[in-house]
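Have a look at the structure below before the remarks.
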Amino acid sequence: MTLRTLLLATAASAVGLPALADVNVYTTRQPGLIQPVIDAFTAQTGIAVNLAFVEEGLVERLVAEGDRSPADLVMTVDIANLHQIVEAGVTQPVASEVLEAAIPENLRGPDGLWFALTQRARILYASKERVAEGEVTTYEDLADPKWQGRICTRPGTHNYNLALLAAVIAHHGEDYARTWAEGVKANLAKTPEGNDRGQVRSIWAGECDVSLGNTYYMGQMVEDPEQKEWAESVRIEFPTFEETGGTHINVSGVAMTKAAPNREEALQLMEFLVSPEAQAIYAEENHEYPVVAGTELSDLVASWGELTPDTIDLTELAGHRAEALRIMEEVNFDG
Ligand SMILES: [Fe+2]
């Protein structure tokens, strides 16, 4: 307990009010990304927050704890993980005019079962030397034979690529998506392996010319002495879906657990997280994009160019995940 919360608790009990309860958060995110925004919340409200970093088995843990779970909120990344928590029945709907006004409808779950807090775009890292400006503008184009032997990506069965393929399905249907996945596979410079930054390293090493990756990795690479060179060999291109869409985005988000012993305080934290102050802090920590319109971008993120996010409903993408996985396996994308 900080001095401030101690004083507030003391003041509350002196006038016969109940002391403010702590909020308990289970998070799969690195604590360093979350702590700054949590500290800002505690400073403003006097409500203490206990962060439990749960790297593996978050859903299983919530299911096992059931009604006795001490967790009020869950903070995680990727629509697949948010959807999995909801499907497991361990979250509760939250009705909040603040959250509904702040977060676009396509970035929150039905009935307030989850809310996006930040967005990340899945973009192309393009070799400054070997890819001309304007040479790649759409996702569809990646299946064109002109990219033969020039594309790198992490495995197609990774959640990030499954969400992207789910978006292809949402825009063009399953048959097109299968042909697209086959086309991209035919253009790969090497078997998919490693993470998004590893692909940029491959571009730096001359093994390929473009790679799929999330935007925030650019921020992570420029902050890393070894990876800075990789980052400097590429620029970010924001592909869009032809005709009907923008750049594919995924999110980090929050959901209230079904058990939530400290519901009122937890809701206060959720609403704080969409305040301009919190949005700026939280997005900047991992070089992400805020979800609340009008929040200023960090200078670094702004320097990458203009993002026009695809506006497809993320719940629809979650619904196409199984088809996307089946397609990746059928075309043996990672083989
Ligand atoms: Fe990531």
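Of everything in the stretch 177-205 that's assigned to a helix (DSSP H, G or I) and without any contact (Cβ under 8 Å) to a residue 40 or more places away in the chain, which residue is nearest to the ligand (Cβ to nearest atom)?
So the residue we want is R197.
Residue by residue, here is whether (1) buried (at least 24 other Cβ atoms within 10 Å of the Cβ); (2) assigned by TED's automatic domain parsing to the domain that holds P36 holds:
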residue: G213; (1), (2): yes, no
residue: D224; (1), (2): no, no
residue: A231; (1), (2): no, no
residue: P261; (1), (2): no, yes
residue: E284; (1), (2): no, yes
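What is the number of the single condition among (1) on the phi > 0 side of the Ramachandran plot; (2) of a type outside the set (D, E); (3) over 23 Å from the mean Cα position of the chain (by Cα) that T191 does not meet?
(1)
Just for helices (runs of 4 or more DSSP H) wholly inside the stretch 260-335: which have at least 1 residues that are at pLDDT 95 or above and farther than 30 Å from E133 by Cβ?
Qualifying helices (runs of 4 or more DSSP H): 263-272, 276-285, 314-319, 321-330.
Cβ-Cβ under 8 Å, sequence separation 6+ or interchain: first residue in the stretch 152-176 and within 24 Å of E243 (Cα to Cα) and assigned by TED's automatic domain parsing to the domain that holds I203, partner among the β-branched types (V, I, T) and within 16 Å of the ligand (Cβ to nearest atom). Which pairs?
N161/T153; A163/I79
For the stretch 228-259, give me each residue that is assigned to a loop (DSSP other than H, G, I, E, B), modelled with pLDDT of 95 or more and under 28 Å from C152 (Cα atoms).
Correct list: S233, F238, P239, F241, G246, H248.
Could you please tell me which pairs satisfy a Cβ distance under 9 Å, a separation of 6+ or placement on different chains, a first residue in the stretch 214-232 that is over 16 Å from W304 (Cβ atoms), and a second residue that is modelled with pLDDT under 95 and of a type in the set (D, E, K, R)?
Cβ pairs passing all conditions: none.
So that you can scan it fast, the table gives a plain yes or no per residue for (1) β-branched (V, I, T); (2) closer than 19 Å to E329 by Cα:
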{"site": "A132", "(1), (2)": "no, no"}
{"site": "V136", "(1), (2)": "yes, no"}
{"site": "Y139", "(1), (2)": "no, no"}
{"site": "D144", "(1), (2)": "no, no"}
{"site": "T153", "(1), (2)": "yes, yes"}
{"site": "P192", "(1), (2)": "no, yes"}
{"site": "G206", "(1), (2)": "no, no"}
{"site": "D209", "(1), (2)": "no, no"}
{"site": "Y217", "(1), (2)": "no, no"}
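Is it fair to say A231 is away from the ligand (no atom under 16 Å from the Cβ) and on the phi < 0 side of the Ramachandran plot?
no
Determine whether the stretch 156-172 contains at least one residue that is in a loop (DSSP other than H, G, I, E, B) and touching a strand residue (DSSP E or B) at 6+ places or on another chain (Cβ under 6 Å).
no
I'm told T157 meets every condition in (1) away from the ligand (no atom under 16 Å from the Cβ); (2) more than 20 Å from T308 (Cα to Cα); (3) touching a Leu at 6+ places or on another chain (Cβ under 7 Å) except one. Can you identify the failing condition by its number?
Of everything listed in (1) away from the ligand (no atom under 16 Å from the Cβ); (2) more than 20 Å from T308 (Cα to Cα); (3) touching a Leu at 6+ places or on another chain (Cβ under 7 Å), T157 misses just condition (1).
With the condition being loosely packed, with under 14 Cβ neighbours inside 10 Å and at pLDDT 95 or above, I'd like the strands (runs of 3 or more DSSP E) fully within the stretch 43-147 carrying at least 2 qualifying residues.
Once the strands (runs of 3 or more DSSP E) in the stretch 43-147 are filtered for at least 2 residues that are loosely packed, with under 14 Cβ neighbours inside 10 Å and at pLDDT 95 or above, what remains is 49-53.
Please verify whether V168 is more than 16 Å from the ligand (Cβ to nearest atom) and surrounded by 22 or more Cβ atoms within 10 Å (Cβ to Cβ), treating the condition exactly as stated.
Taking the combined requirement at face value, the residue satisfies it.
The values are calculated or read from the model by the stated rules, or taken from the named source; none is laboratory data. Computed from a predicted model, the values in this text were never measured in an experiment. Heads up, the Cβs are rebuilt from the backbone with ideal geometry, glycines too, and the neighbour counts pull from every protein chain shown.
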